[in-house]
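The values are calculated or read from the model by the stated rules, or taken from the named source; none is laboratory data. Note that the structure is a prediction, hence the values are computed from the model and not measured. Methodologically, a virtual Cβ is constructed for each residue, glycine included, from the backbone with ideal geometry; neighbour enumeration extends over all protein chains shown.
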Amino acid sequence: MAGQLHDSDFKNPVVQWIDTRLPIFTMMQKEYMVFPTPKNFNYFWNFGAMAVVTLVIMIVTGILLAMNYQPNTELAFDSVQHIMRDVNYGWMLRYIHQNGASMFFIVTYIHIFRGLYYGSYKKPRELLWMIGVLILLLMMATAFMGYVLPWGQMSYWGATVITNLFSAFPVVGHGIVTWLWGGFSVANPTLNRFFALHYLLPFVLVAVVGLHVAALHVTGSNNPLGIDVKSPQDTVPFHPYYTAKDSIGLCVFLLVWAIFVFFYPHALSDPNNSIPANPLQTPDDIVPEWYFLPFYAILRSIPNKLAGVCLMFGSILVLFVLPWLDTSPVRSARFRPIYRKVIFVLVLAVVGLGICGAHKPEGIWVPLSRICAVYYYLHFLVILPLLGKLERPLPLPESISKAVLRRGGGPLPQAATAKPMEKA
Amino acid sequence: MRAVASYVAAALLLGSMAAVPGQAQEAPTPPHQEWSWQGLFGTYNLADAQRGFQVYKDVCSTCHSMNDLHYRDLAGIGLSEDQIKAIAASVTVPQGLDDQGNPKDGPGQPASMFRAPFANPEAAKAALKVAPPDLSNIINAREGGPDYVYAILNGFSNPPPDFKLAEGSNYNEYFPGHQIAMPQPLHGGDVTFADGAPNSISAEAHDVVTFLAWAADPNMVQRKQIGWRVVLFLVVMAGLTYAVKRKVWSDVEH
């Protein structure tokens, strides 16, 4: 093989010259044009593409913001004001980036729910799923450090509370915290390194997203029926079918984002972060951004700090082993009558945790957050392993195309107009 | 509007957005006022904002800085270049070092930052016991925004008979804990407006809140204008892509 050129089908001489030496055109053709994709996706399958677009927008706006930002405790808050007031369209860059963090998490959480509902984590996609959980962790770290950069009151106190969590670990805890801070409190070295890492991690994310997509292209996509692709009749080429379908979701998503950026730019932010960081004055209640509230609620629901920290991190780490906790061989919730119900109880518990996390841990919010936290773990550690054994799944369709044909040409016209999730 | 926006967000985010930090000490929710800049098409009333600047300049700026603003920014509330030059020239601001290396003062330029009443927060604290907050972002930096600031300016009164007021504090119905270090700033008639507009407490408060709202969000009008174009574009684009998708998929049973 050595010394041979790649066999290329491209006619354009320039494209062919490159492709025979570096077959990226062949690869793009194979992976994004003709790539056989199940033909029964619903709109839940738009969210992966939306997340990729969001990542790109965040990186572009972030680089432009970094050109005008000063990672120094004396200058950071004012440099953000400078961006908002004096830099041409700086307010737009900043509002896109600031609200983009929320958009990124909305999209990612829905993407994860899609995976949970349709069993996308099951064999053979376990590694694909685990890489996805790693992406979530990286996103969270990036978002947390990004929130510190404007150096408002919530930035400062949020950073103090979250980094202090590591002090819960026995023996090494305080050492770790000092090491994270680069000193004995959240201060200039902390801000400076958070900026460096906030700039670095998105590129790590790009690489890990690359692995996520590469793994996806080995196993192929799951689909709402959760059954394997059996013949070419079950699939359509990715382009133009799914490029067209993804574009619709993308337009709607960008519309939602734009409404926040241009009309309600402050709706998702805490007024306290418009006050410069003041180490001598603690805000009434230190609350993280909405996308961390469920995890914050788990942390605050446990009276023991170390246990709280472990359960908070555990709530995400448990997702790594989800492919082995769920013992049912059936992927899609459509054919799992009980799972289909308990998955919504889980969603309820997570939303409940989010609401609890927004309130001070007193009164009704304490028992409520404990109930939700217990249910969260119960779902993954007890219900899923048992359910696979106890639940009697509905009969699976023979193939995607059979199921589609029955639905489309069958004698039950109301089935064709039903919403995707009701079509079991 | 902030509250409405919060509820929209709350619905979108499955309720987890009710993340409004509770206030430590009870204070009534400031009553909602009509503000010209709220809503999807709202803009600042420039006459109100100009009068509000006069209130800031003659009353608030005795104690409160606005360090994020330059005199040139006042073009945003409709002041002419000559007016801005005259306003800037009427104050003395620090102008770096002279050739001996000593700090130098001089008349302000349009590019000068708003003159701060104190050299730094420590000096303000030494003079007033509590450093007054900078007002550049005050509307964004308080729960309730303009309604809250308006309520504070109108909320001074004598304390109820059973209320124990600490030394150097003033009673304010809307301040958390009711004890505010700031003495009542507006009494009505503090400023005489050239256009003959009323100068009661509430009228002055209304005008200065308008000015502060503009100062906190000077790009709002441009932002909404661009926003409408972006929204319109995306709605059309979504419609077009939907039509394209229908056409592309028309030959596939799915």
Original post:
Looking at the range A:175-189, is at least one residue buried (at least 16 other Cβ atoms within 10 Å of the Cβ), under 26 Å from the mean Cα position of the chain (by Cα) and in a helix (DSSP H, G or I)?
Top reply: yes
**OP:** Tally the residues that are in a helix (DSSP H, G or I), among the hydroxyl-bearing types (Ser, Thr, Tyr) and in contact with a Phe, Trp or Tyr (Cβ under 9 Å, 6 or more places away or on another chain), restricting the search to the range A:24-78.
**Re:** 3
Original post:
For the range A:219-237, what are the residues that are surrounded by fewer than 20 Cβ atoms within 10 Å (Cβ to Cβ) and part of a helix (DSSP H, G or I)?
Top reply: A:219, A:232, A:233
Original post:
Restricting attention to the range A:205-218, does a residue exist that is buried (at least 18 other Cβ atoms within 10 Å of the Cβ), touching a Leu at 6+ places or on another chain (Cβ under 6 Å) and outside any helix (DSSP H, G or I)?
Top reply: no
Original post:
Being within 30 Å of residue A:77 (Cβ to Cβ) and of a type in the set (Phe, Trp, Tyr), is that true of even one residue in the range A:294-311?
Top reply: yes
**OP:** With the checklist (1) within 14 Å of chain B (Cβ to nearest Cβ); (2) farther than 22 Å from residue A:204 by Cα; (3) surrounded by 14 or more Cβ atoms within 10 Å (Cβ to Cβ) in hand, flag the one item residue A:74 doesn't pass.
**Re:** (3)
**OP:** Inspect all residues belonging to the range B:225-237 and state whether any of them is of a type in the set (Lys, Arg) and in the same structural domain as residue B:36 (by TED's automatic domain parsing).
**Re:** no
**OP:** Taking only the range A:325-346 into account, find how many residues are exposed (fewer than 15 other Cβ atoms within 10 Å of the Cβ) and in contact (Cβ under 8 Å) with a residue 40 or more places away in the chain.
**Re:** 3
Original post:
How many residues are surrounded by fewer than 17 Cβ atoms within 10 Å (Cβ to Cβ) and without any contact (Cβ under 8 Å) to a residue 12 or more places away in the chain when one looks only at the range B:96-145?
Top reply: 17
**OP:** Residue by residue through the range A:8-31, note down the ones that are touching a helix residue (DSSP H, G or I) at 6+ places or on another chain (Cβ under 6 Å) and closer than 17 Å to residue A:236 by Cβ.
**Re:** A:31
Original post:
For the range A:116-144, how many residues meet the condition of being buried (at least 19 other Cβ atoms within 10 Å of the Cβ), over 28 Å from residue A:287 (Cβ atoms) and not hydrophobic (A, V, I, L, M, F, W, C)?
Top reply: 7
Subject >> Selection from the range B:101-148 of residues that are within 12 Å of another protein chain (Cβ to nearest Cβ), closer than 29 Å to residue B:75 by Cβ and of a type in the set (A, V, I, L, M) >> reply: B:111, B:113, B:135, B:138, B:139, B:141
Original post:
Taking the range A:22-44 on its own, how many of its residues are in contact with a Ser or Thr (Cβ under 7 Å, 6 or more places away or on another chain) and within 14 Å of chain B (Cβ to nearest Cβ)?
Top reply: 4
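What are the residues in the range A:272-306 that are surrounded by 14 or more Cβ atoms within 10 Å (Cβ to Cβ) and either away from chain B (no Cβ under 14 Å) or without any contact (Cβ under 8 Å) to a residue 12 or more places away in the chain (or both), if any? Walk me through it before giving the result.
At the first step, the residues of the range A:272-306 found to be surrounded by 14 or more Cβ atoms within 10 Å (Cβ to Cβ) are A:272-277, A:283-302, A:305-306.
Result: A:284, A:299, A:301, A:302, A:305, A:306.
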Original post:
Looking only at residues in the range A:79-96 that are over 27 Å from the mean Cα position of the chain (by Cα) and part of a helix (DSSP H, G or I), which one is surrounded by the fewest Cβ atoms within 10 Å (Cβ to Cβ)?
Top reply: A:82
Original post:
In this structure, is residue B:109 over 20 Å from the mean Cα position of the chain (by Cα) and either in a helix (DSSP H, G or I) or not basic (Lys, Arg) (or both)?
Top reply: yes
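Looking at residue B:58, is it out of contact with any Phe, Trp or Tyr (no Cβ under 9 Å at 6 or more places or on another chain), more than 10 Å from chain A (Cβ to nearest Cβ) and either modelled with pLDDT under 95 or within 24 Å of residue B:189 (Cα to Cα) (or both)? Full working, then the answer.
Numbers: out of contact with any Phe, Trp or Tyr (no Cβ under 9 Å at 6 or more places or on another chain): yes; more than 10 Å from chain A (Cβ to nearest Cβ): yes; either modelled with pLDDT under 95 or within 24 Å of residue B:189 (Cα to Cα) (or both): yes.
Judged against the criteria, residue B:58 is a match.
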**OP:** Looking only at the range B:83-94, decide whether some residue is surrounded by 12 or more Cβ atoms within 10 Å (Cβ to Cβ), closer than 26 Å to residue A:277 by Cα and modelled with pLDDT under 90.
**Re:** yes
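Criterion first (surrounded by fewer than 20 Cβ atoms within 10 Å (Cβ to Cβ), within 7 Å of chain B (Cβ to nearest Cβ) and either under 20 Å from the mean Cα position of the chain (by Cα) or of a type in the set (A, V, I, L, M, F, W, C) (or both)) does residue A:268 satisfy it? Lay out the reasoning, then the answer.
On the way: surrounded by fewer than 20 Cβ atoms within 10 Å (Cβ to Cβ): no; within 7 Å of chain B (Cβ to nearest Cβ): yes; either under 20 Å from the mean Cα position of the chain (by Cα) or of a type in the set (A, V, I, L, M, F, W, C) (or both): yes.
It is false that residue A:268 is surrounded by fewer than 20 Cβ atoms within 10 Å (Cβ to Cβ), within 7 Å of chain B (Cβ to nearest Cβ) and either under 20 Å from the mean Cα position of the chain (by Cα) or of a type in the set (A, V, I, L, M, F, W, C) (or both).
Considering A:294, A:232, which residue is of a type outside the set (A, V, I, L, M, F, W, C) and farther than 20 Å from residue A:108 by Cβ?
On the way: A:294 fails: farther than 20 Å from residue A:108 by Cβ.
Among A:294, A:232, only A:232 is of a type outside the set (A, V, I, L, M, F, W, C) and farther than 20 Å from residue A:108 by Cβ.
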Original post:
Residues of the range A:236-262 being in contact with a strand residue (DSSP E or B) (Cβ under 9 Å, 6 or more places away or on another chain) and either within 7 Å of chain B (Cβ to nearest Cβ) or closer than 17 Å to residue A:44 by Cα (or both), which ones?
Top reply: A:236, A:238, A:241, A:242
